[in-house]
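What follows is a single structure, written as structure tokens, with notes after it.
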Amino acid sequence: MKTQVRSWMAGLSPYVPGRPVSTEPGRLASNESPFPASSGVSDAAVAALAGINRYPDPLATALRERLGERLAVDPDQILVGNGSDELIFLLVMAYAAGGGGVVIADPPYRVDEVVAQSLGARVERVPLAGWTHDLGAMAAVHADLYFVCNPHNPTGTTVSREAVATLVDEARAGLVVVDEAYVDFADDPAAITALPLAVAGEAVVVRTFSKLYGLAGLRIGYLVGPAGVVEDLRRVRLPFSVNALAQAAAEAALKDNERTEEVRRTIVARRAHISSMFTSRGYATVPSQANFVLVLCRDEDALVAGLLQRGISVRPGSSLGMPGSARISVPSAEGLALLERALDEIGPEDQG
Ligand SMILES: *Cc1c(COP(=O)(O)O)cnc(C)c1O
């Protein structure tokens, strides 16, 4: 063929997933839930199989109604997507593709960067300050979209709701998008969530069922924001992107409040455990409010390879724009024991 990719795609490198490992408990590279879906959730997905000769509800009406009740927001301010990644894609497509401006942190959530580049947006990177978003510096950039990840991936750090509100004020000409994939794992989600701003139609909040709810494999997330934004995105989205099994499972997951709370508490406790596992061995860690910990190490390659040899896959910091570190997802109980054994064998961090 003579057809070539558009000029803005030249030099783009694809998203690199975590390295596969042979052990299930050692999969600590993608911040997935270590807990399988509850029986209520898998039963709902299985029941939905009976109807797969029909297209799914394009607007996920039942799920939006449930979310609307829970979040006290009009369902017309909610859009459900094929993972929050699709919603990020749609936001960039609608508001920044082909020469618009996108501001992201450096290092960013990689998907924000990849999507903006692949849709021909101008990307402005604003370095983190003390591991957190420098919202003042971000506000000073003139852009169409301002991406804030709160808690941030890959650092696990947070910014306050007041700080996000200030960014919204200062960046009036643009739309602030707050990615809250990990907000449930924060010590005080209510203190950081930008949901009140989204409900008031002043910003967009993007959330996912992939992390706390453990539905990463089904691909479902949602955004809350101004009704006008939801309308705009409906015009560019593919109508049937969110399949019927995912919709049914997400609805069931929202009913599982007790189990969800138990999963949340367990993950938060294990997060502290893995931090101390590393700090007691001479590593530094970035204080995390997410379901992973960024570990700082003198020899990233050696740590990543040493863990991989012992059946544990973690995300090398250099693949996340943070060389000299490794991002480690909170594991299952079995994974925690595997990690502890591996660290004992690898030995403490050389203090040089
Ligand atoms: C994991 C993650 C998501 C979730 O993406 P899905 O497409 O919903 O699976 C979104 N944002 C960030 C920052 C993440 O780390």
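The values are calculated or read from the model by the stated rules, or taken from the named source; none is laboratory data. Because the structure is a prediction, the values reported are computed rather than measured. Reconstructed Cβ throughout: ideal geometry from the backbone, glycine too, with neighbour counts over all protein chains shown. The accessibility values were calculated without ligands, DNA or RNA, using every heavy atom of the protein model including side chains. Shrake-Rupley method; radii C 1.70, N 1.55, O 1.52, S 1.80 Å.
Values as computed for the structure displayed
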read-out	value
Length released on extending from Ala137 to Glu65, taking residue separation times 0.36 nm less the Cα-Cα span	22.2 nm
Alpha-carbon centroid distance for the pair the range 157-178 / the range 53-67, whole angstrom	30 Å
Cβ-Cβ FRET estimate between Asp57 and Leu296, R0 fixed at 35 Å, reported to 0.05	0.15
Theoretical gain in end-to-end length, Asp106 to Ala191 [0.36 nm per residue, Cα-Cα removed]	28.2 nm
Span-like helix ranges in the chain, DSSP H, alpha carbon extent 24 angstrom or more, Kyte mean at least -1.0	257-279
Accessible-area value, Asp350, 1.4 Å probe, nucleic acids and ligands omitted, Å²	100 Å²
Net length gained if the chain between Val236 and Ser39 were fully extended (0.36 nm per residue, minus Cα distance)	67.4 nm
Sum of side-chain charges, Asp350 neighbourhood, beta-carbon under 14 Å (Lys, Arg +1; Asp, Glu -1)	-2
Cα gyration tensor shape of the range 277-319, rounded if a/c is under 1.5, else prolate or oblate by comparing a/b with b/c	prolate
Reciprocal of mean inverse Cα separation for the range 1-139 (Kirkwood radius, Å)	19.0 Å
Cα centroid separation - the range 84-105 against the range 300-352, whole Å	33 Å
Net charge over other residues, Cβ less than 12 angstrom from the Cβ of Leu167 (K, R count +1; D, E count -1)	-3
Projected label distance in nm at Asp344 and Asp76, using a 7 Å step from Cα toward the beta-carbon	6.1 nm
CD proxy at 222 nm, helix term only [per DSSP H run n ≥ 4: -39500 (n - 2.57); per residue of the chain; nearest 500]	-11500 deg cm²/dmol
